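A short worksheet on the structure shown next.
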Amino acid sequence: QVQLVESGGGLVQTGGSLRLSCAASGRTFSRNTMGWFRQAPGKEREFVASISYSGLVTSYADSVKGRFTISRDNAKNTMYLQMNILKPEDTAVYFCAARGSLTSAQYDYWGQGTQVTVSS
């Protein structure tokens, strides 16, 4: 079983930066693909970025490509999301997630979320 805890959210001005962390607890850090999602009030949860266990395969939503960087340190059981040049539309609760198995396309494990607010 994988348990995920996000941290690093906060309030920043437009153009600022934040780094989110997702710490995994349990037997071991998931070897499956992991990712970041976000949800703004009144909006559906949306995909932000994902990363394979090796870190060699990454994917980004068009809205964040070039500004956000996903990474993971398996030795530290931690995944990161470096967010630069933040915009007000980035304001949301950010969740880290992990797929349920190596072959699954679904994210079955979720953190509690961390709030990111970007002021105009």
Yes/no for Val118 being within 18 Å of Gln39 (Cα to Cα), touching a Ser or Thr at 6+ places or on another chain (Cβ under 9 Å), at pLDDT 95 or above and surrounded by 15 or more Cβ atoms within 10 Å (Cβ to Cβ) = yes
task = With the checklist (1) outside any strand (DSSP E or B); (2) surrounded by 15 or more Cβ atoms within 10 Å (Cβ to Cβ); (3) touching a residue at least 40 places away in the same chain (Cβ under 8 Å) in hand, flag the one item Tyr53 doesn't pass.
result = (3)
task = Give region 104-120 a look and list any residue that's in a strand (DSSP E or B) and more than 17 Å from Val2 (Cβ to Cβ), or say none.
result = Thr114, Gln115, Val116, Thr117, Val118, Ser119
inquiry  = So in region 77-103, with the set limited to residues that are of a type in the set (Ser, Thr, Tyr) and assigned to a loop (DSSP other than H, G, I, E, B), which one is farthest from the chain's Cα centre (by Cα)?
reply    = Thr103
task = Name every residue in region 19-33 that is at pLDDT 95 or above and either surrounded by 20 or more Cβ atoms within 10 Å (Cβ to Cβ) or among the β-branched types (Val, Ile, Thr) (or both), in order of residue number.
result = Leu20, Cys22
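The values are calculated or read from the model by the stated rules, or taken from the named source; none is laboratory data. Note that the structure is predicted; figures quoted are calculated from it, not measured. Virtual Cβ from ideal backbone geometry, glycine too; neighbours counted across all protein chains shown.
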